[in-house]
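Before any comments, here is the structure.
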């Protein structure tokens, strides 16, 4: 397995692609998001699995995004996501609101190769009213608690064009290791293409190691791997490095305004490239 | 977490319970099956996840079983399961035939707390004709490959009374480690009670260890743990010990007849107890 | 003799009493504020045999199937109690985590519904928690329903709101009539002061007691072992409320 | 100049040719006999860029989500080729893995359907393999259908049988007319000898060639690197067919 460069990986994601991203507590590919900003991506349709965080906000701020399908966009302790909020108000993006288990369920339907899956809840929520793609049926199975019959929602399978996340490591065969963050496996299974950034590439085969295998995703699903050290920061990466609250707080303050965001980008997204080119 | 004895665990499984068991390549609780034979369990309804092997055949041979719901009963390289075949012919058990992904899907529906899940395939198979609990509907979602509409099967959630498997180890908190055999997690999630035999109990907390956590099942699901060294034999246990083909071949030969099975039981199921009591 | 306490400590002990009011084996704590987490730890440290699944705990996160496991666990009926809040909460216990103005929140946009449109139906019960108690938050009718307080017949629903705890009072929820009643008012508040700051109508049955102050034993647990458990996940809260320095 | 070869080697090379006849990125091999596995390894060792997922490989088993992953993978359309057999196979390529006599196999019970009632529809294509070629196995109409050879309109079906390889011949399957045609006969067989031992009617189009013998290069690969890969999973097969001793 030969890793590609981060910039080549970003270049391989076409404008307009639907791109599934895990949130800040689950291996977000922040370095790749910055590379997408540098390449000037446009019209991306982001999918939050099941919510969206820092990477989504910076992509929106940089004008890369047309639509977000997610259950929430948040910077966690640092508050509302400022560029998401501004872009939504200004009509520059659309949002398809969902609820966390609905995002998981739609991806699991794709993972299992079925056209839909049911989910309880949802009925009576205005989310449902705004999702014509979610259908209510009468369940054909008897539910003892509901002798009069049960209404239930069917959610369609969601097949992202691209899934991207930041794994701890890849092995010589292109398998990647995500540990307990198994939702990364679900999006890998559900998506047409899977792009993974990693801290490092190691020798060997995770699938041959009983201790590493349960947290691995087979190379069968993975199109390309790129090395991006500290590629999830400011988010945490399992026990490799912690969440950088100060950096997210600084971002949240800066990104309150368009100008502040542009300055933040100059310092944190483009500065690296200038240095690398020098 | 204080382990209970194997005999106490067997005693806690009531006659008539539905009992989900993984097959020979996935941590079967063979020692527990032998303890069930020793306690004289009756009327068990076994569920193969997704197929059934050695443990199922010995339970059937000993008269513990009323029904099997599974996708196959087999001794693998050692051929047909002799006591299953004999009991079925003699009308002493009934079988509800399924297909592997249907077993997984029914358990995943229980895992997700939904009343049913769809599965493709199945239509045109006689399996479906013999499963009145499986329903065919018109999918409410458009499938581009089928402009005239799609018929699809809905399978009901399957909630076993008890799930049992043999894990490598338990920790001080009652978490257990099954490595890559994640179907054990699915049956743990889907079942009302979960009983786990292990090779050993170790200090610590698997959930705190990024390397062990992905292959662990949280104690949240587990009612009791019992230590049973070599508890999966003659089946294999990950990299702990291999499959004992010779023992299975010997069983397959002996169990061709009722008398041969009785002799095998005397030597391999009851002998240990006599020795322990001495 | 009463010991001085902080408002957060009052709220945590009030929530702990709601937890203990109903048999509870397993509580999941999501992205909610640290106060519900403190209440859960208080019950545990008082010896209640409760399992806590803390979604945001980094080391020892209880979920090994990724973030869907919380929802699956709840779907299975294994979560007795969950906590939810809302940008708006109305008198029928409807929650709005979407925003105000035209859909999808063109006046004020909140982060989004998270898991509310599932958890609120499928958890054994829910304690609603929102510190801000104002007519802006507690409204007659939410602008958009992320998750409804009650459900029509034919919809599978395992649980409802047990109570709504705010910075001013504790409301109990009655799903059969889809209304709140005032259960207790915090020190310094009255039925009238609560009514003045609440956008929805609620019931008052007889004399409304004051929310009991934390006992000395409760405060000792909160400031000691509860704080110890919470520092990794909520360092700033522990520093601010319990006066514990953030570890270097 | 021909080298002596074993029947298993002929079958493996015949299957390898069927694999190579269609672009193939990923093959899953289930509980089938070792001969299809040998065919897959032969293609790999000949340099074809094919990924193999061997369900029964113990070390390095490719599945990290337990045994459901094979079925999910196939549901996703990521498996181009799968192998199936059957206690009975009929002229419409219906498979019976249930048994004969009244349901559920009261005369002869087979082990069961395994994943056939899903894989046969959802894999890109299936090579049917059954060494025993007799009227008992290849029947006019199977007693019970575990998995049907063709499906009605309105049923999602990604693939069908590509071919049926037996100890006597190779049949090609034509899903549009739901019939087999005779593609080649193994050395020593003829159209007539095959017809005599086959319980179903099949088509014969023009001259039926003999199944090509394995080349010297194929035999060298089978007996060398292919055997090396297969010994862990199929030690007895490797000992019997390739003359390799079982490791102590």
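Side notes on the structure shown:
- Screening residue B:168 on (1) within 26 Å of residue D:116 (Cα to Cα); (2) touching a strand residue (DSSP E or B) at 6+ places or on another chain (Cβ under 8 Å); (3) more than 14 Å from chain C (Cβ to nearest Cβ) shows it passes everything except condition (1).
- Against the numbered list (1) in a strand (DSSP E or B); (2) within 10 Å of chain A (Cβ to nearest Cβ), residue B:210 comes up short only at (1).
- Of everything listed in (1) under 14 Å from residue C:111 (Cβ atoms); (2) in a loop (DSSP other than H, G, I, E, B), the single unmet condition for residue A:85 is (2).
- Filtering segment C:106-115 for residues that are within 30 Å of residue A:216 (Cβ to Cβ) and part of a loop (DSSP other than H, G, I, E, B) leaves a non-empty set.
- The residue of segment B:85-108 that is surrounded by the fewest Cβ atoms within 10 Å (Cβ to Cβ), among those that are facing another protein chain (nearest Cβ under 8 Å) and over 23 Å from residue D:120 (Cβ atoms), is B:89.
- Within segment B:131-162, restricting attention to residues that are part of a strand (DSSP E or B) and more than 9 Å from every other protein chain (Cβ to nearest Cβ), the residue that is nearest to residue D:146 (Cα to Cα) is B:153.
- Residues that are more than 14 Å from every other protein chain (Cβ to nearest Cβ) and either part of a loop (DSSP other than H, G, I, E, B) or on the phi > 0 side of the Ramachandran plot (or both), drawn from segment D:25-52: D:46, D:47, D:48
- Hits in segment A:111-130 - residues which are closer than 20 Å to residue C:145 by Cβ and part of a loop (DSSP other than H, G, I, E, B): A:120, A:121, A:122, A:123, A:124, A:125, A:130
- Taken over segment D:143-170, the criterion of being out of contact with any helix residue (DSSP H, G or I) (no Cβ under 9 Å at 6 or more places or on another chain) and under 29 Å from residue D:206 (Cβ atoms) is satisfied by D:150, D:164.
- Selection from segment C:185-200 of residues that are out of contact with any helix residue (DSSP H, G or I) (no Cβ under 7 Å at 6 or more places or on another chain) and surrounded by 18 or more Cβ atoms within 10 Å (Cβ to Cβ): C:189, C:194, C:197, C:198, C:200
Residue by residue, here is whether (1) touching a strand residue (DSSP E or B) at 6+ places or on another chain (Cβ under 8 Å); (2) farther than 30 Å from residue C:52 by Cβ; (3) touching a residue at least 40 places away in the same chain (Cβ under 8 Å); (4) not assigned by TED's automatic domain parsing to the domain that holds residue B:61 holds:
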{"position": "B:194", "(1), (2), (3), (4)": "yes, no, no, no"}
{"position": "B:205", "(1), (2), (3), (4)": "yes, no, no, no"}
{"position": "B:213", "(1), (2), (3), (4)": "no, no, no, no"}
{"position": "B:225", "(1), (2), (3), (4)": "yes, no, yes, no"}
{"position": "B:230", "(1), (2), (3), (4)": "yes, yes, yes, no"}
{"position": "B:241", "(1), (2), (3), (4)": "no, yes, no, no"}
{"position": "B:249", "(1), (2), (3), (4)": "no, yes, yes, no"}
{"position": "B:255", "(1), (2), (3), (4)": "no, yes, yes, no"}
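- Checklist (1) part of a loop (DSSP other than H, G, I, E, B); (2) surrounded by 15 or more Cβ atoms within 10 Å (Cβ to Cβ) applied to residue A:225, failing item: (1)
- Candidate set from segment B:57-74 (those that are more than 8 Å from every other protein chain (Cβ to nearest Cβ) and surrounded by 24 or more Cβ atoms within 10 Å (Cβ to Cβ)); member that is nearest to residue B:260 (Cα to Cα): B:61
- Identity of the residue in segment A:238-261, within 20 Å of the chain's Cα centre (by Cα) and farther than 30 Å from residue B:214 by Cβ, that ends up surrounded by the most Cβ atoms within 10 Å (Cβ to Cβ): A:251
- Of the criteria (1) over 18 Å from residue C:42 (Cα atoms); (2) not in a loop (DSSP other than H, G, I, E, B), which one residue C:224 fails: (1)
- Yes/no for residue D:138 being in contact (Cβ under 8 Å) with a residue 60 or more places away in the chain, more than 9 Å from chain B (Cβ to nearest Cβ) and surrounded by 21 or more Cβ atoms within 10 Å (Cβ to Cβ): yes
- Within segment A:44-56, residues that are assigned by TED's automatic domain parsing to the domain that holds residue A:164 and within 18 Å of residue A:108 (Cα to Cα) sit with their Cβ atoms under 6 Å from residues that are at pLDDT 95 or above and part of a loop (DSSP other than H, G, I, E, B), at 6+ positions apart or across chains, in these pairs: A:47/A:160; A:49/A:22; A:50/A:71; A:51/A:71; A:51/A:72.
- Set side by side, the residues A:115, A:82 differ, and just one is at pLDDT 95 or above and facing another protein chain (nearest Cβ under 7 Å), which is A:115.
The values are calculated or read from the model by the stated rules, or taken from the named source; none is laboratory data. Computed from a prediction, not measured in an experiment: that's the story for all the values here. Note that each Cβ is placed from the backbone with ideal geometry, even for glycine, and that neighbours are counted across all protein chains shown.
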